[in-house]
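Read the structure below first, then the notes.
The values are calculated or read from the model by the stated rules, or taken from the named source; none is laboratory data. What you are looking at is a predicted structure, and each value in this text was computed from that prediction instead of being measured. Neighbour counts are summed over all protein chains in view; Cβ atoms, including those assigned to glycine, are modelled from backbone coordinates with ideal geometry.
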Amino acid sequence: MAIQQDVEQGKQEAREPLLDEDKTSVDGDEEGDERKISQKSRRENVWMVYLSTIVAVCGSYEFGCCAGYSSPTQSAITEDLDLSLSEYSVFGSILTFGAMIGAITSGPIADFIGRKGAMRVATGFCVVGWLAIYFAEGALALDIGRLATGYGMGVFSYVVPVFIAEIAPKDLRGALTTLNQLMICTGVSVSFIIGTVLTWRVLALIGLVPCAILLFGLFLIPESPRWLAKTGKEKEFETALQKLRGEDADISHEAAEIKDYIETLERLPKAKMLDIFQRRYVRSVIIGVGLMVCQQFGGINGICFYVSEIFEIAGFSSSVGTITYACLQVVVTALGATLIDKAGRKPLLLVSATGLVIGCLLTGLAFYFKVYDLATNAVPALAVTGVLLYIGSFSAGMGAVPWVVMSEIFPINIKGVAGSLATLVNWFGAWLISYTFNYLMSWSSYGTFILYAAINALAFLFIITVVPETKGRTLEQIQAAINN
């Protein structure tokens with residue numbers, strides 16, 4: 001009976017524009033009518049969607065700036081402010097602690113004051129945080145600033161993809177949503193690159209640029225029509241949808257679909273946290289949470305936050321290594337986005353996990369040689385090869401695919417609660433890894449990467465034995481198979 005309920009919920013999801021792209025034969029006829037609109041008219045109708053997406057992903061870029069700040073600035077900040085290893089570890093890792101708080105509160109904020117309102121709140125925290133870092137004369141001001149930017153980052157991680165998904169037409173939603181992850185990687189990479197030539201205080205000021213663009217841009221774009229409909233703002237809802245689709249567009253059919261969708265959500269029981277541990281949902285929760293553990297505990301945030309130090313310890317040029325790392329990350333992330341619907345989720349995850357294991361082993365071998373003074377000439381080449389293979393492999397699959405799978409495996413009535421749990425686990429893992437990385441490196445540089453290699457090997461086993469392939473399957477098929 002439980003499975004039948006999930007199947008019925010999945011069928012309802014398949015009919016709703018927000019949840020699935022699969023359409024019934026009726027929808028196929030409607031799409032045929034929509035195709036009668038000329039391409040010229042179509043291009044004219046979606047320009048506001050493109051503008052709104054560009055404005056929103058400034059938040060994603062800001063996310064990347066926050067995440068990428070600590071790596072190129074570690075040596076300079078430590079020297080200028082005379083910070084201990086412990087103090088800088090707190091500064092580097094407290095970002096993710098703030099992001100955990102931001103992720104937990106982002107849903108209620110976005111529901112209460114709207115998607116644009118949530119982005120303004122996140123931007124405000126980032127502005128305060130960057131200014132605190134810029135004017136910092138000691139560890140306390142640095143930590144307060146880093147915590148504030150982390151909070152803003154956590155809110156952005158939720159609200160930006162939600163906003164884009166809610167404003168985009170169904171045939172553009174997938175492509176536009178992938179810009180979120182791409183802009184995060186771009187923000188990280190640009191911070192890595194310009195951080196090699198700018199002082200840490202100037203780099204903090206640079207972090208204000210996307211904030212300024214976002215604050216200005218939010219005055220030019222409409223609020224999410226779906227949020228307006230959900231809050232009962234009928235007139236504003238129709239105005240926003242018309243603005244997004246164009247003055248001459250017929251929005252009556254889409255408006256009716258959105259209203260039906262909102263009514264469906266209102267009829268569903270509101271799930272509580274304990275409900276997700278019911279037997280019929282437990283496999284979905286294990287897969288969703290397990291993938292977040294695999295993503296974070298394999299060492300990504302330690303390596304990302306401190307990549308410059310890794311290259312320096314290995315005897316390789318930190319500036320050259322960091323720039324190469326940054327460029328590779330953007331290119332491979334863009335490539336992975338084009339392959340996810342062709343190669344499939346599971347193959348990308350398996351290839352990614354394999355590359356992570358090999359990358360960690362190569363880097364660990366480099367540090368082993370360095371510690372015991374063996375083949376010292378090979379140490380820099382091994383280290384940079386290992387780190388670049390690691391980040392390339394992560395960007396190809398483990399970075400984005402867990403979020404995609406998570407969005408597909410949870411039934412509609414538990415998506416919010418289960419998604420919050422998975423997100424919280426993700427940010428907790430990010431905090432723990434970034435906080436412990438310097439301590440692990442002090443304990444044993446090569447042992448750190450061997451430990452990460454072992455965790456990624458376990459992730460490979462988890463993926464191959466527990467995670468299903470979801471490519472080309474409807475939501476009801478995925479959920480019926482998982483919860484059977």
Query raised in the report: Hey, does region 157-169 have a residue that's acidic (Asp, Glu) and modelled with pLDDT of 90 or more?
Result: no
Query raised in the report: Do any helices (runs of 4 or more DSSP H) entirely within region 263-362 hold 3 or more residues that are of a type outside the set (A, V, I, L, M, F, W, C) and at pLDDT 80 or above, and if so, which?
Result: 282-297
Query raised in the report: Wholly within region 85-203, which helices (runs of 4 or more DSSP H) include no fewer than the required count, namely at least 1 residues that are surrounded by 19 or more Cβ atoms within 10 Å (Cβ to Cβ), without any contact (Cβ under 8 Å) to a residue 60 or more places away in the chain and over 20 Å from the mean Cα position of the chain (by Cα)?
Result: 85-134, 139-167
Query raised in the report: Take the residues of region 330-360 that are crowded, with 22+ Cβ neighbours inside 10 Å and under 17 Å from residue 310 (Cβ atoms): which is nearest to the chain's Cα centre (by Cα)?
Result: 356
Query - Which numbered condition residue 386 misses (of (1) modelled with pLDDT of 90 or more; (2) out of contact with any helix residue (DSSP H, G or I) (no Cβ under 9 Å at 6 or more places or on another chain)) - result: (2)
Query - Residues of region 186-217 that turn out to be at pLDDT 85 or above and more than 13 Å from residue 62 (Cβ to Cβ), as a count - result: 11
Query raised in the report: Can you find even one residue in region 249-256 that is surrounded by fewer than 22 Cβ atoms within 10 Å (Cβ to Cβ) and under 30 Å from residue 321 (Cα atoms)?
Result: no
Query raised in the report: Of the residues that make up region 371-380, is at least one surrounded by 24 or more Cβ atoms within 10 Å (Cβ to Cβ) and either touching a helix residue (DSSP H, G or I) at 6+ places or on another chain (Cβ under 8 Å) or touching a residue at least 12 places away in the same chain (Cβ under 8 Å) (or both)?
Result: no
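Yes/no matrix, rows are residues, columns are (1) at pLDDT 80 or above; (2) acidic (Asp, Glu); (3) closer than 20 Å to residue 159 by Cβ:
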| site | (1), (2), (3) |
| --- | --- |
| 15 | no, no, no |
| 27 | no, yes, no |
| 31 | no, yes, no |
| 42 | no, no, no |
| 61 | yes, no, yes |
| 71 | no, no, no |
| 78 | yes, no, no |
| 82 | yes, yes, no |
| 100 | yes, no, yes |
Requested in this report: Just give me the residues in region 280-334 being within 22 Å of residue 74 (Cβ to Cβ) and among the hydroxyl-bearing types (Ser, Thr, Tyr), in sequence order.
Outcome: 306, 308, 317, 318, 319, 322, 324, 325
Query raised in the report: Are any of the residues in region 394-409 farther than 21 Å from residue 182 by Cβ, part of a helix (DSSP H, G or I) and modelled with pLDDT under 85?
Result: yes
Requested in this report: Kindly indicate whether any position in region 422-440 is over 29 Å from residue 288 (Cβ atoms) and surrounded by fewer than 20 Cβ atoms within 10 Å (Cβ to Cβ).
Outcome: yes
Requested in this report: Looking for whichever is within 23 Å of residue 471 (Cβ to Cβ), in contact (Cβ under 8 Å) with a residue 12 or more places away in the chain and of a type outside the set (Phe, Trp, Tyr) here; the options are 401, 425, 387. Which one fits?
Outcome: 401
Query raised in the report: For region 218-248, what are the residues that are surrounded by fewer than 18 Cβ atoms within 10 Å (Cβ to Cβ) and of a type outside the set (D, E, K, R)?
Result: 219, 220, 231, 232, 239
Query raised in the report: Got a number for residues in region 301-327 being surrounded by fewer than 22 Cβ atoms within 10 Å (Cβ to Cβ) and either without any contact (Cβ under 8 Å) to a residue 60 or more places away in the chain or among the β-branched types (Val, Ile, Thr) (or both)?
Result: 5
Query raised in the report: Which number in (1) closer than 19 Å to residue 113 by Cβ; (2) part of a helix (DSSP H, G or I) marks the one condition that residue 222 misses?
Result: (2)
